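**Q** Got a structure here, written out as C-alpha cells. Questions coming.
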Amino acid sequence: MPLPQRMPLSMSLTYFAIYLAAAAAFATPSLRAESFDTGAEALVLTLAKETIAMRSVRGPGNQSADVANRFRQALVEGGWPAQEIEVIPFEETAYFIATWPGLDRNAGAIIISAHLDVVDADPADWTRDPFTPVVEDGYLFGRGASDTKFDASLALVATLRLRQTGYQPSRDIVIAYSGDEETTMATSKVIAERFRNAHLVLNVDGASGTLDETTGEPLYWSWQGAEKSYIDYRLEVTNPGGHSSAPREDNAIAQLSGALSRIAAHRFEPELNDITLAYFQQAANLEKDPHKAAAMRAFAANPKDPEALRVLRSDPYLIGRTATTCVPTMIEGGHAPNALPQRASAVVNCRVFPGRSFEEVQAELAVVANEPALTITDMSGDETTQAPASPYNPAFVGAFKRALYGAWGEMPIIPMQASGASDSMWYRALGVPSYGASSTFMKESDDFSHGLNERVPINNIRPGLAYYQALLQDLTSP
Ligand SMILES: [Zn+2]
C-alpha cells in the first residue's frame, strides 16, 4: 500500500497502537512490517481507484458492468476459477456473483453483499472531479469511496486472499454485488431471491467504526441488524374550484394543510426489537448527556415510559429509533392567485419500523388526517419492501467481535438499526439474516457518503483485510 504523503499524526498513532497491540498479542518480537500483506493492500487501493473512475451511475453510459468486469479480472488473475464468476447484464446495468464452493454445498452460503453503482455527482459542486480518484492526506477521494467501492474492493480482496491460502470453508462463500442499489434495486431483489436459502448476509455497505475527532483513535464500532423501510405517500385533495371572490366552505389547500398539520404532530406507537433494545442499552453507556443516557435506559426497560419518550423524541437522531416516523416533505397546490384551488397535494415520507406493514401505516395516516376529501396513495411501487429486523444472534455477534478486536483492538460495540434501506432489506424480507458489517472507521466529520467530496481513510485497508479474513473463517470453520 503506498502510504499517504502526509499522514496526520493521529493516524500514525493509530497505526502504532495497532502495531503494539498486534505485537503483544503474538508475544513475539519478530513481527515485522514485511509480514503484512502489502500485495493485497496495494490491490485493494488499485481496485477502489479504478472502479471510482468508472461512472456507474444510472442512465446513459452506466459503467456498472465495467466495475463488475474489473472485479472479475482481479479474481481470475488471483486464481479464482473463471467459471465460478458471473457478470450478469440486467437492463442498463449488471450484477456480479463470485462463488467459492464450500465443503457442504447444501449448507446455506455466506453472502458478502455490496453494490457496483453509485449516486450521481455533479462535478461542478465538487472540489475535485468525483470520478477522478485522488489519494491525499491519507484519504481516498471520489464518488463511491465510502459508498461503497472501497469496502467492495476490500472484502473482495480479503476473500481472494483467504482462498489463495488453501483454506476450505465449510459452506459456500458468495460475493454478490448488485447493480442498482442506489436507485430501483431490481438486481438487489433478483440476487436476494437467488440466495433465499443463504445462512447469513454480511453487507459491507453498512455498519461503521467511529474515530475520535481529535485523537483519531477508535471510539466504538456499530454493526447494523435492522433497517427502517422507506415509503412515500401522495396525499391529495381536489375541489370543484371557482372564483376566489366567492369562497365555498371547502378549500383544497386548507383541507390538505389541516391534514398535514395533524400528521406532522402525530407520534406512532413506540416499539423495540432485538437490535434497538441492544442499541439503547449499550449506547446509554457511551452517552455523555446524563438525561439522554437515563432516557435510553428507561426506554429500553419500558418503551412507553413518558419521560424517556419526551427526551428521545426531541432528538432528531433518536426519534427514528423509537418508532415509525412520517413527515410531510413536499407540497403543491392551486393554479391562480384569484381562483379557488382545484387541487392540493403533498408527499409524506415515512420510515417504517421493521415488522410494520405499509398498509397499516397508510391506514393510520388516514385516521390521523381525519379529512374525508383526502386520498392517500402509495408512490413507491416495487422499489421498496417491508423487512423484519434480523435476530440478535450471539454466534454472529461473537464472530463480529472477535474479528474486529483482532484487527482494531478492543472497544465498545453497538448494534444499530439504520433509518435508510440497503440491499439487506431484500434478504431480510425473505427471512435471511443480514448484517451490516463493514469494519471501516472514520471520523463523523469525514462522512460524506452521497455528498460532496466523499472520502475514506486508507489506513482502513490493513485492519480491514485482517477483519474480513478472520470473520469469514470464523463463520465457515468446519
Ligand atoms: Zn450504499
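**Q** How would E249, E213 line up from fewest to most surrounding beta-carbon atoms within 10 angstrom?
**A** Numbers: E249 5, E213 12.
By the 10 Å Cβ count, ascending, the order reads E249, E213.
**Q** Can you compute the charge dipole magnitude of region 242-385 about its Cα centre, using +1 on each Lys and Arg Cβ and -1 on each Asp and Glu Cβ, nothing else charged? Give it in debye, rounded to the nearest 20.
**A** Numbers: 13 positive and 18 negative charges, 98 e Å.
With only Lys, Arg, Asp and Glu charged at Cβ, the dipole is about 480 debye.
**Q** Let me ask something additional. Please work out whether the chain counts as rounded, prolate or oblate from its C-alpha gyration tensor, where a ≥ b ≥ c are the square roots of the eigenvalues and a/c under 1.5 means rounded, while otherwise a/b larger than b/c means prolate and anything else oblate? Please list the in-between numbers first.
**A** Numbers: a/c = 1.91, a/b = 1.64, b/c = 1.16.
Because a/c hits 1.5 or more and a/b exceeds b/c, the chain counts as prolate.
**Q** Another question about this same structure. A 22 angstrom limit on the alpha carbon distance is what I want to check against. Which of K49/K228; K149/K189; K49/K401; K288/K443; K149/K401 exceed it?
**A** Distance filter (> 22 Å) returns K49/K228; K49/K401; K149/K401.
**Q** Give me the number: length gained by fully extending K304 to D125, i.e. 0.36 nm times residue separation minus the C-alpha to C-alpha distance, one decimal in nm.
**A** On the way: separation 179, 0.36 × 179 = 64.44 nm, distance 4.49 nm.
Length difference between fully extended and current span is 60.0 nm.
**Q** At 7 Å along the Cα-to-beta-carbon direction for both E77 and S419, put a label point, then send me their distance in nm to one decimal.
**A** Each label point is offset 7 Å from its Cα along the Cβ direction, giving 4.2 nm.
**Q** If you fit an axis through the alpha-carbon atoms of helix 394-408 and take the longest principal axis of the Cα set of the chain, what angle between them do you get, 0 to 90°, nearest 10?
**A** 60
**Q** Is region 93-190 best put as rounded, prolate or oblate by its Cα gyration tensor, with a ≥ b ≥ c the root eigenvalues, rounded for a/c under 1.5, and otherwise prolate when a/b is larger than b/c, oblate when not?
**A** It is oblate, given that a/c is not under 1.5 and a/b is not larger than b/c.
**Q** For the peptides 178-184, 405-411, what is the packing order when you average, over each peptide's residues, the other Cβ atoms within 10 Å and list the highest mean first?
**A** 178-184, 405-411
**Q** Further, regarding this structure: Can you list the residues, at least 5 places off or on another chain, whose amide H is less than 5 Å from the amide H of Y139, using H built in the peptide plane?
**A** The answer is I458.
**Q** Would you mind ranking R351, R321 by Cβ crowding within 10 Å, fewest neighbours first?
**A** In order of increasing Cβ crowding within 10 Å: R351, R321.
**Q** Obtain the nm distance between the two label points defined at T184 and L430 by a simple spin-label model: each point lies 7 Å from its Cα along the Cα-to-C-beta direction.
**A** 1.9
**Q** Also, I was wondering about something else. Could you pull out every one of the aspartates and glutamates with an alpha carbon less than 17 Å from that of K304, ignoring same-chain neighbours closer than 8 positions?
**A** E269, E271, D274, D315
**Q** Hey, could you grab the Kirkwood Rh for region 208-295? Inverse mean 1/r over distinct alpha carbon pairs, Å, one decimal.
**A** The Cα-based Kirkwood calculation yields 18.4 Å.
**Q** Give me the number: length gained by fully extending A363 to Q168, i.e. 0.36 nm times residue separation minus the C-alpha to C-alpha distance, one decimal in nm. Spell out each step's value before the answer.
**A** Values: separation 195, 0.36 × 195 = 70.20 nm, distance 5.14 nm.
Extra length available between A363 and Q168 comes to 65.1 nm.
**Q** Any idea how far apart D378 and R194 come out in nm if each label point goes 7 Å out from Cα toward Cβ?
**A** Those two pseudo-labels are separated by 2.7 nm.
**Q** Going 7 Å from the Cα of K288 along its beta-carbon direction, which residues of region 200-229 have the amide nitrogen within less than 15 Å of the resulting point?
**A** Under cut-off, by backbone N: 211-217, 219-220.
**Q** Assign one of three labels to region 188-239, namely rounded, prolate or oblate, based on the Cα gyration tensor with a ≥ b ≥ c the square roots of its eigenvalues; rounded applies when a/c is under 1.5, prolate when it is not and a/b is larger than b/c, and oblate otherwise. Before the final figure, lay out each step's value.
**A** Working: a/c = 4.43, a/b = 1.37, b/c = 3.23.
The shape class here is oblate.
**Q** Mind listing which GluC sites (Glu not before Pro) in region 80-133 are in a DSSP loop and have 13 or fewer other Cβ atoms within 10 Å?
**A** Loop-located and lightly packed - E91.
**Q** Could I ask something else about it? If one takes the longest principal axis of the Cα atoms in the chain, at what angle in degrees, from 0 to 90 and to the nearest 10, does the Cα axis of helix 290-301 lie?
**A** Result, in degrees: 90.
**Q** Treating the angle as unsigned and between 0 and 90°, give the value, to the nearest 10°, between the Cα long axis of helix 461-476 and the longest Cα principal axis of the chain.
**A** Taking the Cα atoms of the chain, the angle to 461-476 is about 90 degrees.
Laboratory data are not the source of any read-out in this text; all were calculated from the coordinates shown. Only a predicted model underlies this, so the values are computations on that prediction, with no experimental measurement involved. Backbone-built Cβ (ideal geometry, glycine too); neighbour counts: all protein chains shown.
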